[in-house]
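Notes to accompany the following structure.
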Amino acid sequence: MGFLDYLFYTFIVVVLFQVIYYLFILGQFAFLKQKKSALQSLPVSVIICAKNEAENLKIFLPSIISQEYSTFEIVLINDASHDETLQVMETFSLQHSNIKIVDVKNNEAFWGNKKYALTLGIKAAKHNHLLFTDADCKPVSKHWITEMCSHFNTKKTIVLGYGAYLKIKNSFLNKLIRFETLITAIQYFSFAKIGIPYMGVGRNLAYTKTEFFNTNGFMSHMKVRSGDDDLFINQASNTTNTSICFSKHSFTKSNPETTFNNWFKQKRRHVSTAKYYKLNHKILLVLIYLLNLLFWVLASILLVFHFNWQIVISLLLLRIIVQYFTIGFSTKKLNEEDLLILIPFLEIFLIIIQLTIFINNLISKPNHWK
């Protein structure tokens, strides 16, 4: 049996695993119907950590203040900003009695560490149920708090939400950023549904103060500059305590990066935290990436050499159709339908970029919190 034969049979196995992955893993979210959760009026502390975010706070904070919810406070954490962030916070607090400010000074032991600032904000929060977002995020509706917090109950102490990015017309980079965000969300929603929650995003995330302190907060990864969201969820979540919220009133939206260089640096920071995940989660994520990489590499080699090309094209189409089918249902849930037609191109670009990021992170460490 020749070398191309080995590649051909490997390709068949890869396609088989990918079809199973898309239908039976990502399908957990794609084909899931949103159940109407019982509306609650739990007192909630909305927590926003800001470092040099004066302009963003002026634009986005009103959408938090205007939430239609019975009892909530807004905890604004000024993380040693050197712009007018604190003054903007103080202006809003004079106008709204439910705003609490935590002014964090740089600490020699935790210099420039967002987790230190967040910990102080969480300690200052009055309520047990905490809802997190960023200073540059805007809830898509006035029912964001209601929708996210409706998923809390006696067993569910962590709620994973969707933090989308604003759409920019005629921008391939914007579509690439949103596609990466979409795939990440589909994965963490799907794995949470099968009892393997492994991450969440700080743009839209909720958990209880009790859960935070039971897990010893960020202490096990305090020295890792990033990961206040995904590393904490990776450590604290389990098969029973994590819920997902994907109702269309529960999303937040952020301004995406507009240059490839800035987005690349951002993704380098995000990817650098994955090495601190639990071992089984790291193995799963590496396998998913390797299967994606092998699928396109093997298909390309086999087609270049016209080796069993009819079967290769059939398998290629099978996998793409299953992918379109699964991701298609997910894009409708998450309002990202415009990405569907470009999926193969976006996926190939993303695979190459992720490989480049991995190599870059091996060579040098990325910079973190501003």
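The values are calculated or read from the model by the stated rules, or taken from the named source; none is laboratory data. These numbers were taken from a predicted model, which means no experiment stands behind them. For neighbour counting, all protein chains shown are included, and Cβ atoms are generated from backbone atoms with ideal geometry for every residue, glycine included. To get the accessible areas, we keep the full protein, side chains included, count just its heavy atoms, and leave off ligands, DNA and RNA. Shrake-Rupley method; radii C 1.70, N 1.55, O 1.52, S 1.80 Å.
Relative to the longest principal axis of the Cα atoms of the chain, the long axis of helix 279-304 lies at roughly 40 degrees.
Here ILE194 and ILE59 are evaluated by their C-beta separation; at R0 = 45 Å the FRET efficiency comes out at 0.75.
With both labels modelled 7 Å from their Cα along Cα-to-Cβ, the ILE101 to LEU16 distance reads 6.4 nm. A Förster distance of 22 Å, applied to the separation of the beta-carbon atoms of LYS282 and THR258, puts the FRET efficiency at 0.10.
Applying a DSSP loop filter and a limit of 11 other Cβ atoms within 10 Å to the chymotrypsin sites (Phe, Trp or Tyr not before Pro) in segment 70-131 leaves TRP111.
Shape analysis of segment 278-328 yields a ratio of the Cα radius of gyration to the Kirkwood radius, Rg/Rh, of 1.10. From the convex hull of the Cα coordinates of segment 14-79, what is the mean projected area in square nanometres? Projected over every direction and averaged, the Cα hull of segment 14-79 covers 8.3 nm². Near THR208, the amide H atoms lying under 5 Å from its own belong to LEU130; only residues 5 or more places off or on other chains count, and H is placed 1.01 Å from N. In terms of packing, defined here as the mean over residues of other Cβ atoms within 10 angstrom, the peptides 272-280, 161-169, 129-137 line up highest first as 129-137, 161-169, 272-280. Shown here for segment 15-63: chymotrypsin sites (Phe, Trp or Tyr not before Pro) in loop regions (DSSP other than H, G, I, E, B) with at most 15 other Cβ atoms within 10 Å, namely PHE31.
Each part gets one Cα centre, and for segment 215-258 versus segment 61-78 those centres are 19 Å apart. Legend: residues ILE321, ILE283, ILE351, sorted from most to least accessible area (1.4 Å probe; ligands, DNA and RNA excluded), read ILE321, ILE283, ILE351.
Within the same chain, aspartates and glutamates fewer than 8 places from LYS58 are excluded, and of the rest, those with a Cα less than 16 Å from its Cα are ASP83, GLU84, GLU90, ASP134, ASP136. Checking the cross-link pairs LYS36/LYS275; LYS105/LYS167; LYS209/LYS248; LYS100/LYS278; LYS193/LYS265 against a 28 Å limit on the alpha carbon distance flags LYS36/LYS275; LYS105/LYS167; LYS100/LYS278; LYS193/LYS265 as lying beyond it. Split the chain at each of the GluC sites (Glu not before Pro) in a DSSP loop with at most 14 other beta carbon atoms within 10 Å, and the longest piece is 109-370. Fully extending the segment from LEU318 to ASN153 would add 55.3 nm, taking 0.36 nm per residue of separation and subtracting the current Cα-Cα distance. Leaving out ligands and nucleic acids, note down the accessible area per residue over segment 61-196 with a 1.4 angstrom probe, in whole Å². I get 41 Å² per residue for segment 61-196. Considering all C-alpha pairs of the chain, those separated by over 40 Å amount to 16%. Helices in the chain, meaning DSSP H runs of at least 4 residues, each add -39500 (n - 2.57). Divided by all residues, the mean residue ellipticity at 222 nm is -16000 deg cm²/dmol.
Just the projected area, averaged over all directions, of the convex hull on the alpha carbon atoms of segment 234-323: how many nm²? The partial results should precede the final answer.
Working: hull surface 39.3 nm².
For segment 234-323, the mean projected area of the Cα convex hull comes to 9.8 nm².
Counted by Cβ distance under 11 Å from VAL88, the other residues give a net charge of -4, where Lys and Arg count +1 and Asp and Glu count -1. Per atom type, segment 192-236 shows carbon and sulfur on 49% of its accessible surface, probed at 1.4 Å.
Relative to the dominant Cα principal axis of the chain, helix 3-20 is inclined by about 40°. The alpha-carbon of LYS155 sits under 16 angstrom from the alpha-carbons of these aspartates and glutamates, leaving out residues fewer than 8 places away in its chain: GLU211. Taking only protein heavy atoms and a 1.4 Å probe, the accessible area of segment 104-162 is 50% carbon and sulfur.
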